[in-house]
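One structure is given below, encoded as structure tokens.
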Amino acid sequence: MFHAVVAVKQVPDTTNIRIDPETGNLVREGVPAIMNPYDAHALAAAVEWKKKLGGKVTVVSMGPPSFIVTIREAVEMGADEGYLVSDRKFAGADTLATSYVLAQAIKYIDEHDPVDMLFFGKQAIDGDTAQVGPGVAVRLDIPVVTYVTHIREIDLEGQKAIVERKTERGIEVIEVQLPALITCEKEIAEIPFAPLPDLIRSLRYDPEVWTTQGPVEFDKMQIGVRGSPTIVFKMGTPPLPEPGEVIDAREMGIEKAVKYAFDKAEAEGIFASIWGGEA
Amino acid sequence: MSTRRFWVYIEQEEGVVHPVSWELLGVARKLAEQVRDEAEANGDEVVVEGVLVGCTVRHIAEEAFKYGADRVYMADSPICAVYRNTAYHKVIAQIAKQYEPEVFLIGATTLGRDLAGAIATSLRTGLTADCTQLEMGEVKGAKRKLLLATRPAFGGNILGTIICRKRTPQMASVRPRVFPLPTPDPERTGEIVEVPVELDESEIPMRILEVISAGGENINLEYADVIVAGGRGLGGPEGFKLLEELANELGGVVGASRPCVDAGWISYAHQVGQTGKTVRPKLYIAAGISGALQHKVGMQDSDFIIAINTDPKAPIFDVADVGIVGDLYKVIPEMIEQIKARKAQMEAQQKEAAA
């Protein structure tokens with residue numbers, strides 16, 4: 001039986017964002033929230049392989065109580081169980097503290113029901129750091145394969161998987177020992193339409209909420225602000241560039257406008273440097 | 001007296017260096033200069049060092065000196081012939097534990113992002129991703145200057161400066177082309193410190209079975225000299241054919257803004273901007289791109305920018321050297337004609353000069 005754990009994060013819909021001017025932190029209240037799109041595809045892949053191999057998909061998330069809706073959404077998409085790790089003491093976590101909390105929660109899940117594979121999104125669209133997946137893998141001392149676009153094979157008996165990952169030089173085909181953590185590109189799986197029973201189940205689903213009181217043990221030095229080595233020093237707005245020169249081709253004519261632009265580029269030595277002359 | 005070490009990860013694959021490594025050596029030299037006075041006052045030494053992992057990569061270490069490294073820690077072993085996260089992060093974390101760098105910079109490439117998070121977690125330290133400004137600065141209550149790592153947040157509307165106050169190394173990743181390539185000094189040399197690799201193949205839980213080459217997809221947008229980029233104003237995928245014609249004439253490549261990629265008009269490999277590639281070509285022609293912040297942050301450091309848009313208020317004009325208000329379907333064909341003429345003229349002059 002295949003046991004996959006998928007880590008999901010709720011993110012603000014990026015078109016609608018506010019910053020607390022005091023703390024420099026993201027204001028989550030009142031902003032439409034969605035499941036991080038890469039996590040949704042990671043979850044879809046896990047569910048797809050559960051259907052092929054038989055088994056179970058467990059979802060885990062760290063965040064405020066409002067993240068329960070995201071876990072319900074995961075159940076709607078085919079997750080069997082979901083756990084929310086939520087406590088005020090976790091607030092203000094950077095990627096290092098986040099990877100600690102998720103790793104502790106996953107260790108606990110693994111002790112009760114051994115995990116074969118961990119599915120993460122390649123990054124979250126609110127921070128774009130792509131650090132938490134590799135961080136969790138290091139803490140669990142398991143291999144990580146990032147930017148996975150396709151899972152070719154999961155061999156539970158041989159405890160290995162063959163996956164494809166996207167890099168600058170092309171597609172790497174990697175054989176990795178299980179348990180392993182993969183971070184997923186959107187191509188890994190299409191988001192399925194929820195079957196009616198999953199939809200109904202999700203509406204009533206109440207995930208277990210884990211706090212610093214248990215059942216998972218957390219070292220208070222490694223969580224929240226205290227466990228986060230990075231802090232925001234200051235926030236600012238980017239400097240405005242000097243406005244450029246704008247000419248109107250409709251007034252001066254296309255030919256003259258283009259000539260004007262190219263003459264200016266030539267005066268700055270652009271063509272000479274492009275066409276093999278001295279820069 | 002202590003040694004303040006500014007580290008750069010020298011990224012290579014198959015013996016070929018990713019130029020972001022040299023860009024970061026340039027940054028590390030500047031950071032080292034910024035603490036020079038403070039270090040001298042305390043009797044400390046300041047050095048810029050590279051970390052290089054691979055197999056038969058000595059020639060790369062030699063090159064690193066020319067770009068600004070004083071010393072290179074080289075882990076050279078057949079087991080590191082190809083990049084694998086487990087092997088590389090373990091080797092590098094071990095070297096970092098031994099030498100305790102103050103700052104550690106890594107290119108935010110696919111490989112670098114895969115690696116940086118793993119190293120930072122191994123070392124239980126802070127890592128700031130995708131920085132666009134780096135500086136050693138005074139922080140109240142800190143005995144020494146700290147790395148002020150600035151990155152765009154929330155679509156580029158805000159710049160956040162992050163510090164890592166109590167732990168080292170202070171790590172940052174930087175995307176290719178955010179900083180300029182330093183001019184190499186052929187006279188510069190340095191010291192290679194060979195680091196033993198105490199790993200056995202059996203300890204590495206992954207194997208690369210094959211690499212399917214990217215082929216035509218690999219357009220090397222980041223390092224192109226000329227980019228002709230299109231936006232929503234093209235009105236459809238066919239418009240890119242016209243841009244390609246101009247790009248070919250100039251010896252450049254085609255770029256795109258995010259909406260075109262999202263609409264499926266062109267592949268992601270062409271995307272310029274915050275979620276695509278950062279570029280700094282000699283010439284950037286933006287056609288029908290309105291100039292969302294997310295796009296501008298990815299191309300505003302180009303040497304010369306020409307923007308074409310029908311809307312005189314398009315924000316792209318703020319970063320353009322010359323903005324042309326007009327229909328791109330009239331302007332681009334005219335550009336193709338004029339470029340042909342300029343090239344012919346230049347060739348004629350060269351022939352004359354040769355004769």
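Coordinate-derived values only; no laboratory data. Worth saying up front: this structure is predicted, and the values here are computed from it rather than measured. Positions of Cβ are generated from backbone atoms using ideal geometry, with glycine treated the same way; all protein chains shown enter the neighbour counts.
Worth pointing out:
- Helical mean residue ellipticity (222 nm; -39500 (n - 2.57) per DSSP H run of 4+; nearest 500) of chain B: -9500 deg cm²/dmol
- Proximity of backbone amide H atoms, modeled 1.01 Å from N, is registered between B:Gly255 and B:Val228, B:Ala229, B:Gly230 at under 5 Å, excluding neighbours fewer than 5 places apart on the same chain.
- For the protein assembly as shown, with +1 on Lys and Arg beta carbons and -1 on Asp and Glu, the positive-most of A:Gly78, B:Val139, B:Ser2 along the dipole: B:Val139
- Other-chain or far-sequence residues with amide H under 5 Å of A:His150's (modelled H): A:Glu164
- Sorting A:Ser202, B:Ser302, B:Ser173 from the fewest to the most surrounding beta carbons within 10 angstrom yields A:Ser202, B:Ser302, B:Ser173.
- DSSP-defined beta bridges in the protein assembly as shown - what % are antiparallel, rounded to 5: 35 percent
- Within the shell defined by Cβ-Cβ distances under 15 Å, the residues around B:Cys55 carry a net charge of -4, with Lys and Arg each +1 and Asp and Glu each -1.
- If you take the Cα centroid of region B:66-130 and the Cα centroid of region B:251-330, the two points sit 34 Å apart.
- Selection from B:Leu209, B:Leu181, B:Asn157, by position along the positive dipole direction of region B:131-214 (Cβ): B:Asn157
- Restriction of the GluC sites (Glu not before Pro) in region B:186-236 to DSSP coil positions whose beta-carbon has at most 13 other beta-carbons within 10 angstrom yields B:Glu187, B:Glu198.
- For A:Pro229, neighbours were defined as the other residues whose beta-carbon sits under 11 Å from its Cβ, and their charges (Lys and Arg +1, Asp and Glu -1) total +4.
- Estimated Rh, chain B: Kirkwood, alpha-carbon pairs, angstrom: 22.2 Å
- Solvent-free Debye scattering, log10 I(q)/I(0), computed from the Cα coordinates of region B:203-319 at q = 0.11, 0.21 Å⁻¹: -0.36, -1.11
- For B:Lys140, a cut-off of 23 angstrom between C-alpha atoms picks up these lysines, skipping any fewer than 8 places away in its own chain: A:Lys234, B:Lys30, B:Lys166.
- Label-to-label distance for B:Ala353 and A:Lys220 is 7.4 nm, based on points extended 7 Å past Cα in the beta-carbon direction.
- Distance from the alpha carbon centroid of region A:44-75 to that of region A:176-192 works out to 13 angstrom.
- Helical mean residue ellipticity (222 nm; -39500 (n - 2.57) per DSSP H run of 4+; nearest 500) of chain A: -9000 deg cm²/dmol
- Taking the centroid of alpha carbons for each part, region B:1-56 and region B:147-190 are 12 Å apart.
- Model label sites at B:Ser267 and B:Glu203, defined 7 Å from Cα along the beta-carbon direction, differ in position by 3.8 nm.
- Listed residue pairs exceeding 27 Å between alpha carbons, taken from B:Lys145/B:Lys277; B:Lys282/B:Lys330; A:Lys56/A:Lys160; B:Lys241/B:Lys343; B:Lys296/B:Lys340; B:Lys90/B:Lys277: B:Lys145/B:Lys277; B:Lys296/B:Lys340; B:Lys90/B:Lys277
- Relative contact order for region B:219-354: 23 percent, from Cα pairs under 8 Å spaced at least 6 residues apart, divided by residue count.
- Of A:Lys234, B:Lys343, B:Lys296, the sequence from fewest to most neighbouring Cβ atoms within 10 angstrom is A:Lys234, B:Lys343, B:Lys296.
- The local environment of A:Met1, defined by Cβ-Cβ distances under 13 Å, has a net charge of 0 under the rule Lys, Arg +1 and Asp, Glu -1.
- Taking the charge dipole of chain B about its Cα centre, with +1 at Lys and Arg Cβ atoms and -1 at Asp and Glu Cβ atoms, the residue from B:Ile324, B:Ile339, B:Tyr223 reaching farthest to the positive side is B:Ile324.
- Gained length - B:Val16 relative to B:Asn220, 0.36 nm times residue gap less alpha-carbon distance: 72.0 nm
- Label zone (B:Glu210, point 7 Å along Cα-to-C-beta; backbone nitrogen cut-off 15 Å) within region A:161-192: A:162-165, A:170-175.
- Rounded to the nearest 5, the antiparallel percentage of DSSP beta bridges internal to chain A is 45%.
- Charged side chains reduced to their Cβ positions (Lys and Arg at +1, Asp and Glu at -1) give the protein assembly as shown a dipole of some 1280 debye around its Cα centre.
- Each residue of region A:185-193 was assigned a 3J(HN,Hα) from its phi angle through the Karplus expression (A = 6.51, B = -1.76, C = 1.60, θ = phi - 60°), giving 7, 5, 4, 4, 6, 6, 6, x, 6 Hz with x at Gly and Pro.
- Computed from phi, the 3J(HN,Hα) profile of region A:64-69 under the Karplus parametrisation 6.51, -1.76, 1.60 (θ = phi - 60°) reads x, x, 5, 5, 4, 4 Hz, with x in place of Gly and Pro.
- Exposure proxy ranking, count of Cβ atoms within 10 Å, fewest first, for A:Ser61, A:Ser228: A:Ser228, A:Ser61
- Spin-label model, A:Arg204/B:Glu191: points 7 Å from Cα along the beta carbon direction are separated by 7.2 nm.
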